[in-house]
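K.L.:
Starting off with a structure, shown below.
The values are calculated or read from the model by the stated rules, or taken from the named source; none is laboratory data. As the structure is a computational prediction, the values presented were derived from the model and not from experiment. Glycine gets a Cβ as well: all are built from the backbone with ideal geometry, and neighbour counts include every protein chain shown.
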Amino acid sequence: MKTSDFNYDLDEKFIAQHPILPRDHAKLMLVSRDSMNIQHKIFYDILDELKRGDLLVVNDTRVRPARLFGHRENKEEKIEVLLLKPLNGKVWECLVKPGKKMKLHTTIYFEDLLKGEVVHITEDGSRHIAFTIQGEEEDIEKVFEKIGQMPLPPYIKETLEEKEEYQTVYSKYIGSAAAPTAGLHFTEELLDKIQEKGVEIVPITLHVGLGTFRPVSVEDVRNHHMHSELCMISEKAAEKINRAKEDGRRVIAVGTTSMRTLESMTQDKRVLSGHQWTDIFIYPGFEFQIVDGLITNFHLPQSTLLMLVSAFSSKEIILHAYEEAKKNNYRFFSFGDAMFIRKDD
């Protein structure tokens, strides 16, 4: 199976640069898992496509404003720091631009609130930075919230008016470097209507890493190694999901991150509670144990996410759907429109 098999052409005009407002007014494509049957709707029509008894699984991670802009003591050179993950105490693994100049023990100043010292340089060039809070604030996450910017994907060139535009309305646990973007289409009002219809909404957590944007660089798909991400399912959530499967009710994942969590933390067709790091790579041939339906966005060519949705349906059906999306002026990628992949009634 070749990476090039999952390629398609996309003009830049289709790449969404900003979110649709209201959120639930994006386009929605209904895609059959097993046929070329396609329908065009608006996202708020998802209410009509969900059935009483369905279980909707959402990822309640929250994006950390992980782009920090600082300077050296002389203030002459702007330095961009991208937080990757906490290591211990106030030491974080980071990417730094310009990286070559950030030698060991370099000090970086971030406004009057924070400073960081490079304490280690890894083989791949990332830096371990020990942060020290300068002001009265004691919580470093609150400092990041004040001075940080959202780590938007490189294909988004516009800036956000509000940080919350890159958060789902149900985001709760901070820890992601990117948003679980399928969930950006839901409003609180739409979620209320969905629950009133008798659909159960169950939160789980996967903290999205920057590796989600890493392209597949090998020609043979099977040789690609996925990045690891931390995922969690509570006992209560696992119990609800397993009960739905036992009752024969549909389990619908909102986004590829929810799907990867569910299919990672499963044994003998039962979801396990707890937390673990997952590097699961889902591509055609994968046998799904839990998920019956998937709400997702339109993904980059040759990406692991495109391979995942192709595994859930088929490469031919998904690439056909993408061509139909272009013909109907759908918006692609993080701030783009949505599709609901499910079996025909």
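K.L.:
Looking at the stretch 296-345, which of the residues that are more than 15 Å from Ile15 (Cα to Cα) and of a type in the set (Lys, Arg) is surrounded by the most Cβ atoms within 10 Å (Cβ to Cβ)?
P.N.:
Going through the qualifying residues, I end up with Arg342.
K.L.:
Considering only residues that are surrounded by fewer than 20 Cβ atoms within 10 Å (Cβ to Cβ) and of a type in the set (S, T, N, Q), which ones fall in the stretch 180-215?
P.N.:
Within the stretch 180-215, Thr187, Gln195 qualify.
K.L.:
Using the structure shown, decide if Arg243 is closer than 24 Å to Ile42 by Cα, surrounded by fewer than 20 Cβ atoms within 10 Å (Cβ to Cβ) and either at pLDDT 95 or above or not charged (D, E, K, R) (or both).
P.N.:
On the way: closer than 24 Å to Ile42 by Cα: no; surrounded by fewer than 20 Cβ atoms within 10 Å (Cβ to Cβ): yes; either at pLDDT 95 or above or not charged (D, E, K, R) (or both): yes.
No, not satisfied.
K.L.:
Exactly one condition in (1) of a type in the set (Ser, Thr, Tyr); (2) under 17 Å from Arg342 (Cα atoms); (3) not assigned by TED's automatic domain parsing to the domain that holds Glu263 is false for Ser32; which is it?
P.N.:
(3)
K.L.:
Taking the condition of being assigned to a loop (DSSP other than H, G, I, E, B) and at negative phi, how many residues in the stretch 280-319 meet it? It would help to see each step written out before you state the result.
P.N.:
Initially, the stretch 280-319 is screened for residues assigned to a loop (DSSP other than H, G, I, E, B), giving 280-292, 298-303, 313-314.
Cutting the leftovers down to at negative phi gives us 280-284, 286-292, 298-301, 303, 313-314.
Number of matching residues: 19.
K.L.:
Write out, first by first residue and then by second, each pair whose Cβ atoms fall under 6 Å of each other, whose residues are 6+ apart or on separate chains, and whose first residue, in the stretch 62-73, is farther than 16 Å from Lys97 by Cα while the second is among the β-branched types (Val, Ile, Thr).
P.N.:
Here the result reads Arg62/Ile174; Arg64/Ile174, each pair linking the stretch 62-73 to a residue that is among the β-branched types (Val, Ile, Thr).
K.L.:
Within the stretch 320-345, which residues are acidic (Asp, Glu), over 21 Å from the mean Cα position of the chain (by Cα) and assigned to a loop (DSSP other than H, G, I, E, B)?
P.N.:
We begin by selecting, within the stretch 320-345, every residue acidic (Asp, Glu); these are 323-324, 337, 344-345.
Cutting the leftovers down to over 21 Å from the mean Cα position of the chain (by Cα) gives us 323-324, 344-345.
Correct list: Asp344, Asp345.
K.L.:
From (1) surrounded by 15 or more Cβ atoms within 10 Å (Cβ to Cβ); (2) part of a strand (DSSP E or B); (3) of a type in the set (Phe, Trp, Tyr), pick out the condition that doesn't hold for Trp277.
P.N.:
Result: Trp277 fails condition (1) only.
K.L.:
I would also like to ask the following. So how many residues does the stretch 172-201 have that are more than 17 Å from the chain's Cα centre (by Cα), among the β-branched types (Val, Ile, Thr) and not in a loop (DSSP other than H, G, I, E, B)?
P.N.:
At the first step, the residues of the stretch 172-201 found to be more than 17 Å from the chain's Cα centre (by Cα) are 187-201.
Of the ones still in play, those that are also among the β-branched types (Val, Ile, Thr) are 187, 194, 199, 201.
Filter once more, so that each one left must be not in a loop (DSSP other than H, G, I, E, B): 194, 201.
Total satisfying the criteria: 2.
K.L.:
Among the residues of the stretch 108-145, how many are surrounded by 14 or more Cβ atoms within 10 Å (Cβ to Cβ) and among the hydroxyl-bearing types (Ser, Thr, Tyr)?
P.N.:
Selection size over the stretch 108-145: 2.
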